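The numbers here are math on the coordinates, done by the rules we state, and not lab data. These figures come from a predicted structure and were not determined experimentally. A quick note on method: Cβ atoms are made from the backbone with ideal geometry, for glycine too, and the neighbour counts reach across all protein chains shown.
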Amino acid sequence: MSNIAAVRKFEIAPENQTSGNSTWSYRDGNPIITFSIAPNEYYVRSKNLKLCFDVKLLDSAGNPPNNNAQGGGAAREVIFNNRVGVASLFSQLEINNFANQNLETIRHYGRLLGSLLPAGSGWNEYTTYLSNEFAVSSNEQVQGRYCNKTMSVAMPIMAGIFLQGADIPLSMDNGIGGLNLKFSLQSSIQALYGTTGTTPNSYYEISNVSLMGEYAMPVGGVLPAISSYPFSGFSSFYGVINNNDQTTQINPALSAVVSTFTNFVPTPHIANYAFDSMKTTPLLNAAIGTTVYDQLAPISKISYMRGGVLYPLQFQVDENEVISRDAAVADQYAGSAYDAQRQYYFAMAIRPRTSNATDQLAGQNSEAFATSNGDTQHNSVTNQLAPGPPGSVNGFENVYGIGIRVGDMLGVGNTANFKQSSYSTRIISKLNGSSPMSSYTFFLYRSVINYSVNGLVSIVN
């Protein structure tokens, strides 16, 4: 920004930290971490705002895990999802200003990043800077070795309000009125998983926590007067689908929706140490009476609707040809047909087409290959411990989801009004009616703070 006179780095300790309490753990009854950035006549540079901390995983006896022998069918002790990393440790992020007005609340924070990170980053990112930011890795064997030791991270905060990396004015009169950030930790049984007898009752601890970033000081020491401040936010909704033809209706009550997307995981796999709760799997079927979801239940048709009317697409996303072609193949490639149309709209819901839009794990790079094809070394896909479908406990390494960019398909800023209208999806699939799949739906929306001569007046979503 042209009116910036100087930039100053800062590091803030948690507001609720005490001299006798510098460790956070859901298990030990200390699951909330809070920070305050006071109102002032300068900006906070959201693109450089990071939550820094150390994290260690511990087995039921309080010892670090040993995941070194996990390849070749050996057991894995304690680990978290390699696509999401330390973000899986957070269940909710709440952002308020000093007037106690809510700017954004993201429930299911880890599930949100389960789509955002791999759909916006490729294999190279996962093997370089993302490993320092989120302690993620290219595959589960590498992830297991990360989790053997204390990990230090500098995690960007993936809230909608910080999404564009803007300089955010902190003034009470000409800004958002300061920031209060509240991070809620995830239960250990949802954040972690493993395959040994020592895995149950495993837990994690977070320490050396701080919020680091930069202040941008305006020329003259006073922020310019403004009449409004636009920003973005994420809203989330949870549901369950089980039928082969099911319509899900949500009332987001948002006036400026940019896009919406949904990811899935088998319902019995949530809060279960035997399974990864953060996976974003395709729709799957389990044998009746079991929790082993080892059979694909492919989606054949998707309809997106506003107020019961097809919107924004005036047609169904139809993958019947892919599904029927796949079912007719009886050789080693069976089960690998790729529903590109569904994936295209899902990827566009998360980010518009750019020059590097193909640099992502979500796509043919993660979904169009299976270990049955001999693809046992494909780093972005393979679960080396239990290689892939069918019959694996933690197979299906897909970056899977459905979604649509409701405002526009080019990312030029248009939005759609769902203030008085419902959002619905109709999914026709091969679900067998006895294999419930949990769905996590996220809306990216625009919001605005309006001001008057008396300062901040209202927030309009």
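Worth a mention:
- Calculated on alpha-carbon atoms, Rg and Dmax of segment 163-244 in Å: 21.1, 63
- Asn63-Val448 pseudo-label distance in nm [points 7 Å out on the Cα-to-Cβ vector]: 6.1 nm
- Residue-span extension gain [Gln420 to Asn16] - 0.36 nm each, minus C-alpha spacing: 141.5 nm
- Take each peptide in 151-159, 307-315, count the other Cβ atoms within 10 Å of every residue, and average; sorted highest first, the result is 151-159, 307-315.
- Extension gain, Gln316 back to Thr198 (0.36 nm per residue minus Cα-Cα distance, nm): 37.7 nm
- Pairwise label distance in nanometres, Asn100 with Lys47, each label 7 Å out on the Cα-Cβ vector: 3.6 nm
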